[in-house]
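Take a look at the structure below.
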Amino acid sequence: MGVPGADDDVVQIKEASKVGEPFVITVNCPDKTGLASDVFRIILDFGLSIAKGDISTDGIWCYIVLWLIPHSTLLATSCSFLKDRLQSICPPCSASFYLVQQPQRSSPVYLLKFCCLDRKGLLHDVTKVLSDLELSIQKVKVTTTPDGRVLDLFFITDNMELLHTRKRQDETCERLNDVLHDSCVSCELQLAGPEYECNQGITSLSPVLAEELFQCELSDDERRSQALSPDMTKLKKTNVIIDNSLSPAHTLIQIHCADHKGLLYDIMRTLKDMNMKISYGRFSPNTKGYRDLDIFIQQKDGKKILDSGKQSALCTRLKQEMLHPLRVMIANRGPDTELLVANPVELSGKGRPRVFYDVTYALKTLGICVFSAEVGRYSASAREWEVYRFLLDENCEFQLTSVFARNQIVDRVRRTLMGW
């Protein structure tokens, strides 16, 4: 661990020597609160799997090395975008940074509005275009008109910070037209107005629905709409052990749990939100679907966690976030069928990446059209949640009133979200 020279990059990417082998990313920069969480969030946003990794910091400087496996061939442009994204969250390597830390500037929100003819997979195809263009979805409102047209409102931010330029706006509309073909009626892109702030929330949930969606434990009862399929009960085999005997200054957390997409992000965001400082962490490779992690931490005041109540609270919270970081269920909404997906929001206000992408992909593979969709925030269980609501089209091969069919849909959506 050391300070990079003037010509060194704080983020370096070493390409894999063979197809299928992991490539290596190193981050070597000044430390900051939640840096590891931010790094893992970007990794998840790019759809990359972490084979193994190490984190080391002395509280001033941080060194992270990760072995990553892409789900498909990682193009040079993607590597460049990934490097830029990671560098954007790294504190500058200058002495002035330690004297005055400037607050991060939020990206402007744009409204993408287009109207087109409806078809199966439309919502995911549009979402994929936005993802490929490095445009992040902040909020969505999708409605289908009686004449078979779809009006989509996407509130988006640009990870490349170029959406204010005419060239970038034209590229976005052109890429959408390439996917929509002749079905596109209109496409507009502009800065979002007051309607963005006014529409941050979602349509209210009934108390019964909210209680089931945000409950702390999942039920094994197959009649419950969040029921776990038999081979997914391995999620409950999670062990979190706290050990204060191996280090005079740090508390060791040893974790053995089922692996899933975004696991390390879930652990790091939890530690970040609980004001825990990571000094060292080692993440072992996936073995038969499970991972072992060793993480040395301190409290915000630099002390070990000796209080039994704090130890219990930390273990409980980590188990909860690893057990089901995403809530998935199907419910009736009047005469219609609604799919709901929820994930906790970080205290910093950041939501989980790729949720809308994964859900729309799962529905596309099932051949289910979405009649309407919305994304918003909801407060429950003393925290804020990001809630995705999809009103499903009855004209599909699934009998949506059937418990068996509903469990199939929930299972496929959850598997896609968890990377199984």
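The values are calculated or read from the model by the stated rules, or taken from the named source; none is laboratory data. Remember, it's a predicted structure, so these values are computed and weren't measured experimentally. Please note: Cβ atoms are built from the backbone with ideal geometry, for glycine as well, and neighbour counts cover all protein chains shown. To get the accessible areas, we keep the full protein, side chains included, count just its heavy atoms, and leave off ligands, DNA and RNA. Shrake-Rupley method; radii C 1.70, N 1.55, O 1.52, S 1.80 Å.
Tally time: how many residues in segment 43-67 are surrounded by 20 or more Cβ atoms within 10 Å (Cβ to Cβ) and either out of contact with any Phe, Trp or Tyr (no Cβ under 6 Å at 6 or more places or on another chain) or not aliphatic (A, V, I, L, M) (or both)? Please lay out each step first, then the result.
Filtering segment 43-67 down to residues surrounded by 20 or more Cβ atoms within 10 Å (Cβ to Cβ) leaves 43-46, 48, 50, 53, 55, 57, 62, 64, 66.
Within this subset, residues satisfying the condition of being either out of contact with any Phe, Trp or Tyr (no Cβ under 6 Å at 6 or more places or on another chain) or not aliphatic (A, V, I, L, M) (or both) are 43, 45-46, 48, 50, 53, 55, 57, 62, 64, 66.
So the answer is 11.
Among the residues in segment 202-220, are any closer than 25 Å to Y357 by Cβ, modelled with pLDDT under 85 and not β-branched (V, I, T)?
yes
Checking D158 against (1) open to solvent by 30 Å² or more (accessible area, probe 1.4 Å); (2) in contact with a Lys or Arg (Cβ under 9 Å, 6 or more places away or on another chain); (3) modelled with pLDDT of 90 or more: exactly one of these is not met. Which one?
(1)
Just need a number here: residues in segment 14-40 that are closer than 14 Å to C90 by Cβ and open to solvent by 50 Å² or more (accessible area, probe 1.4 Å).
1
Looking at D54, is it modelled with pLDDT of 80 or more, out of contact with any helix residue (DSSP H, G or I) (no Cβ under 7 Å at 6 or more places or on another chain) and of a type in the set (D, E, K, R)? Reasoning before the result, please.
Details: modelled with pLDDT of 80 or more: yes; out of contact with any helix residue (DSSP H, G or I) (no Cβ under 7 Å at 6 or more places or on another chain): yes; of a type in the set (D, E, K, R): yes.
So D54 fits the description; yes.
Would you confirm whether any residue within segment 225-248 is modelled with pLDDT of 90 or more and small (G, A, S)?
Quick first cut of segment 225-248, residues modelled with pLDDT of 90 or more only: 239-248.
Now narrow it down to the ones that are small (G, A, S): 245, 247.
Yes, segment 225-248 has at least one match.
Quick one: in segment 233-266, which of the residues that are among the aliphatic types (A, V, I, L, M) and in a loop (DSSP other than H, G, I, E, B) is nearest to L323 (Cα to Cα)? Walk me through it before giving the result.
Taking segment 233-266 as the starting set, the residues that turn out to be among the aliphatic types (A, V, I, L, M) are 235, 240-242, 246, 249, 252-253, 255, 258, 263-264.
This time we only want the ones that are in a loop (DSSP other than H, G, I, E, B), so: 246, 249.
Working: L246: 27, A249: 29 Å.
Here the answer is L246.
Restricting the search to segment 179-192, which residues are out of contact with any helix residue (DSSP H, G or I) (no Cβ under 7 Å at 6 or more places or on another chain) and either open to solvent by less than 50 Å² (accessible area, probe 1.4 Å) or touching a residue at least 12 places away in the same chain (Cβ under 8 Å) (or both)? I'd like the intermediate steps shown before the answer.
Of the residues in segment 179-192, the ones out of contact with any helix residue (DSSP H, G or I) (no Cβ under 7 Å at 6 or more places or on another chain) are 180-183, 185-186, 188, 190-192.
Result: L180, S183, V185, S186, E188, Q190, L191, A192.
Can you find a residue that is over 30 Å from G59 (Cβ atoms) and surrounded by fewer than 19 Cβ atoms within 10 Å (Cβ to Cβ) anywhere in segment 291-305? Spell out the reasoning first.
Here is the first cut: in segment 291-305, the residues over 30 Å from G59 (Cβ atoms) are none.
No: zero hits.
Can we say N395 is modelled with pLDDT of 90 or more and over 22 Å from Y265 (Cα atoms)? Lay out the reasoning, then the answer.
Working: modelled with pLDDT of 90 or more: no; over 22 Å from Y265 (Cα atoms): yes.
Against the criterion (modelled with pLDDT of 90 or more and over 22 Å from Y265 (Cα atoms)), N395 does not qualify.
Residue by residue, here is whether (1) free of Cβ contacts under 8 Å to residues at least 60 places away in the same chain; (2) more than 20 Å from the chain's Cα centre (by Cα) holds:
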site	(1), (2)
L340	no, no
K364	no, no
V370	no, yes
V387	no, no
E394	yes, yes
A405	yes, yes
V413	no, no
T416	yes, no
G419	no, no
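All but one of (1) touching a Gly at 6+ places or on another chain (Cβ under 7 Å); (2) of a type in the set (K, R); (3) open to solvent by less than 30 Å² (accessible area, probe 1.4 Å) hold for K272, so report the exception by its number.
Result: K272 passes all but (3).
Can you name every residue in segment 267-308 that is assigned to a loop (DSSP other than H, G, I, E, B) and in contact (Cβ under 8 Å) with a residue 24 or more places away in the chain? Explain how you work it out, then say what you get.
Our first condition is that a residue be assigned to a loop (DSSP other than H, G, I, E, B); within segment 267-308, this holds for 274-275, 284-286, 288-289, 300-307.
Result: M274, N275, S284, P285, N286, G289, K300, G302, K304, I305, L306.
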